[in-house]
Amino acid sequence: MKFFIDTANLADIQEAADLGVLDGVTTNPSLMAKEGIAGQDRILKHYVDICNLVDGPISAEVISTDYENIIREGEALAALHANIIVKVPMIKDGIKAIKYFTQKGIRTNCTLVFSAGQALLAAKAGATYVSPFVGRLDDISTDGMALIAQIRTIYNNYGFQTQILAASVRHPMHIIQCAEIGADVMTGPLSAILALLNHPLTDSGLAKFLSDYKKVNA
Ligand code: G3P
């Protein structure tokens, strides 16, 4: 399973990249705003900065919602860097645009997916990635992970090449469950990735190894 980090924070991206396990980055307009990245020039430059930190797929989201402007915006984003993935919302014009981008060889990430039917449409349009939001489904008392499993079954049934990019991952159990189900990619915050490191028996075991070493190597 590939690990993407879901942030526009350059320090977090660098820290995850330094760990050596980072395969890509996802962003969205909220994450860009959280970092105070505003204005078209700064936004585009920030995407290039991220591309220069991580040599892997970098999702950059369009903010247009009509076909012509999604195409215009997406083509400009794709022209920024070879690693840019154009992130397009799951709406009617978005699906049409994904089909267009697919035919043009531009890779896409269909975002804001909350149902198996939406994921099926994204795959039929040729999306490179589909982003079901597990955390936001959990937030409304719906089983986000069940959706990942349902999409996995549907894509396997027909050999769809669209990669399942489990998004809105919030904690380490989400990551582990994604791996059990067979999501192709998970994207989450640095905190969720780092939390995978932790186990109290690792901490106590290491402390004992080091203290035993010191006892005879004073
Ligand atoms: O990748 C989508 C993600 O950014 C949404 O996460 O935590 O805002 O639901 P969250």
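The values are calculated or read from the model by the stated rules, or taken from the named source; none is laboratory data. Just so it is clear, the model here is predicted, and its values are computed rather than measured. Backbone-built Cβ (ideal geometry, glycine too); neighbour counts: all protein chains shown. Remember, those area values only see protein heavy atoms, side chains included, never the ligands or the DNA or RNA. Shrake-Rupley method; radii C 1.70, N 1.55, O 1.52, S 1.80 Å.
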### Task
Give the share of C-alpha pairs in each 5 angstrom bin for region 1-144, from 0 to the last occupied bin, in whole percents, shortest bins first.
2, 10, 20, 21, 21, 15, 8, 2, 0
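Relative contact order of the chain: what whole-number percent is it, with Cα pairs under 8 angstrom and at least 6 residues apart? It would help to have the intermediate numbers written out before the result.
On the way: 374 pairs, mean separation 36.5, N = 218.
RCO, the chain: 17 percent.
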### Query
How high is the relative contact order of region 51-114, in percent, counting Cα pairs under 8 Å that sit 6 or more residues apart?
33 percent
### Summary
The pairs in Lys2/Lys92; Lys45/Lys99; Lys2/Lys208; Lys92/Lys124; Lys34/Lys104; Lys45/Lys124 lying past 25 Å Cα-Cα in this model are Lys2/Lys92; Lys45/Lys99; Lys2/Lys208; Lys34/Lys104; Lys45/Lys124
### Message
Quick check on the chain: of the DSSP beta bridges with both residues there, what percent are antiparallel, nearest 5%?
### Response
0 percent
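So what is the relative contact order for region 2-130, in percent, with contacts set as C-alpha pairs under 8 Å and at least six apart? Show your work: numbers first, answer last.
Numbers: 206 pairs, mean separation 22.8, N = 129.
For region 2-130, the relative contact order is 18 percent.
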### Query
Kyte-Doolittle mean at least -1.0 and Cα extent at least 18 Å along the axis: which DSSP H helices of the chain qualify?
40-53, 92-104, 144-158, 200-216
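How much of the accessible area of the chain, probe 1.4 Å, is carbon plus sulfur, in whole percent?
Details: 6050 of 10830 Å².
After summing per-atom areas, the C and S share lands at 56 percent.
Order Glu15, Glu75, Glu180, Glu61, most accessible first, counting only protein heavy atoms with a 1.4 angstrom probe.
Working: Glu15 90, Glu75 70, Glu180 145, Glu61 25 Å².
Reading off the accessible areas and sorting them downward yields Glu180, Glu15, Glu75, Glu61.
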### Query
Quick one: if the Förster radius is 35 Å, what FRET efficiency do Asp143 and Lys214 give, using the C-beta to C-beta distance and rounding to 0.05?
0.10
### Task
State, to one decimal in nm, how far the label point of Gln161 lies from the label point of Asp18, with both points 7 Å from Cα in the Cβ direction.
3.8 nm
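Please compute the alpha carbon radius of gyration of region 163-214, then divide it by the globular-protein estimate 2.2 N^0.38 Å. Two decimals is fine. Spell out each step's value before the answer.
Working: Rg = 15.4 Å, N = 52, 2.2 N^0.38 = 9.9 Å.
So the Cα radius of gyration is 1.56 times the expected 2.2 N^0.38 Å.
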#### Entry: Accessible area (Å², per residue) of region 1-119, counting only protein heavy atoms and a probe of 1.4 Å
45 Å²
### Message
Given a 10 angstrom Cα cut-off, can you work out which residue in Asn28, Asn198, Asn83 is the most mobile in a GNM of the chain?
### Response
Asn198
